[in-house]
1. Hey, among ALA99, ALA46, which residue is in contact (Cβ under 8 Å) with a residue 24 or more places away in the chain, closer than 26 Å to ILE131 by Cβ, touching a helix residue (DSSP H, G or I) at 6+ places or on another chain (Cβ under 7 Å) and among the hydrophobic types (A, V, I, L, M, F, W, C)?
2. Scan the stretch 116-130 and tell me whether some residue there is within 23 Å of MET64 (Cβ to Cβ) and in contact (Cβ under 8 Å) with a residue 12 or more places away in the chain.
3. Just give me the residues in the stretch 68-81 being surrounded by 14 or more Cβ atoms within 10 Å (Cβ to Cβ) and either of a type in the set (Ser, Thr, Tyr) or in contact (Cβ under 8 Å) with a residue 24 or more places away in the chain (or both), in sequence order.
4. How do the helices (runs of 4 or more DSSP H) wholly within the stretch 64-159 filter down when requiring 1 or more residues that are closer than 30 Å to LYS10 by Cα: which remain?
5. For the stretch 13-28, give me each residue that is without any contact (Cβ under 8 Å) to a residue 40 or more places away in the chain and touching a Phe, Trp or Tyr at 6+ places or on another chain (Cβ under 9 Å).
6. Could you please tell me which pairs satisfy a Cβ distance under 6 Å, a separation of 6+ or placement on different chains, a first residue in the stretch 137-149 that is over 16 Å from CYS25 (Cα atoms), and a second residue that is assigned to a helix (DSSP H, G or I) and not hydrophobic (A, V, I, L, M, F, W, C)?
7. Looking at (1) over 21 Å from the mean Cα position of the chain (by Cα); (2) under 26 Å from ALA147 (Cα atoms), can you tell me which one PHE124 breaks?
Amino acid sequence: MAFLYLDSVKTMIADFILAWMHHLCFLGMAAALAMQWTLLGPSRPAIPLALLGKTDAWYGSLAMLILAIGAARVAWGPKGAAFYLDNPVFWAKIAVFLAVGAISALPTINYLRWRQQARNDPAFQPSPADIGKVRKAIRLQFLGWLALPILAAAMARGI
């Protein structure tokens, strides 16, 4: 009987660690997005393109990690895969996450283009119009980010 209890404790600890890592990645992504917003702010005399690229790379890396951790929670979590896969709120959360990811392609493409232009011309700075387009995409991502914890809370409660 004791071995069943130990298995249950191991499962709870593993689920706790995965949930903790999932939340840390979410917070890290929000921080990276906020940093991009700040680096592109109108009060900056020059945009630090290298730092912007690194911040975007962190954002993308954390996005991949959060998907992997989420998949692990679905596959091996104590609620079982059916809890997630049969839950429409889970799929809404995935859809919002993927939509935010698709929107994030616009800033990434611009950052890569800007860095290439800066290699050719060290004095290069993106135009205010280009910066405005990227900031609009970041704003849209923030809106998606606001929905994710609401969907997560609803999903966790089986709503």
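Just so it is clear, none of the values below were taken in a lab; they were calculated from the coordinates. Keep in mind it's a predicted model, so treat the numbers as computed, not measured. Positions of Cβ are generated from backbone atoms using ideal geometry, with glycine treated the same way; all protein chains shown enter the neighbour counts.
1. Just a single option satisfies the conditions, and that option is ALA99.
2. No, the stretch 116-130 contains no residue that is within 23 Å of MET64 (Cβ to Cβ) and in contact (Cβ under 8 Å) with a residue 12 or more places away in the chain.
3. ILE69, GLY70, ALA72, ARG73, GLY77
4. Those helices (runs of 4 or more DSSP H) span 81-85, 88-103, 128-156.
5. Within the stretch 13-28, GLY28 is the sole residue that qualifies.
6. Listed pairs, sorted by first residue: ALA137/PRO107; ILE138/GLN36.
7. (2)
Condition check ((1) charged (D, E, K, R); (2) under 17 Å from LEU151 (Cα atoms); (3) over 11 Å from the mean Cα position of the chain (by Cα)) across all residues:
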position	(1), (2), (3)
CYS25	no, yes, no
ALA32	no, no, no
SER43	no, no, yes
GLY70	no, yes, yes
LEU85	no, yes, yes
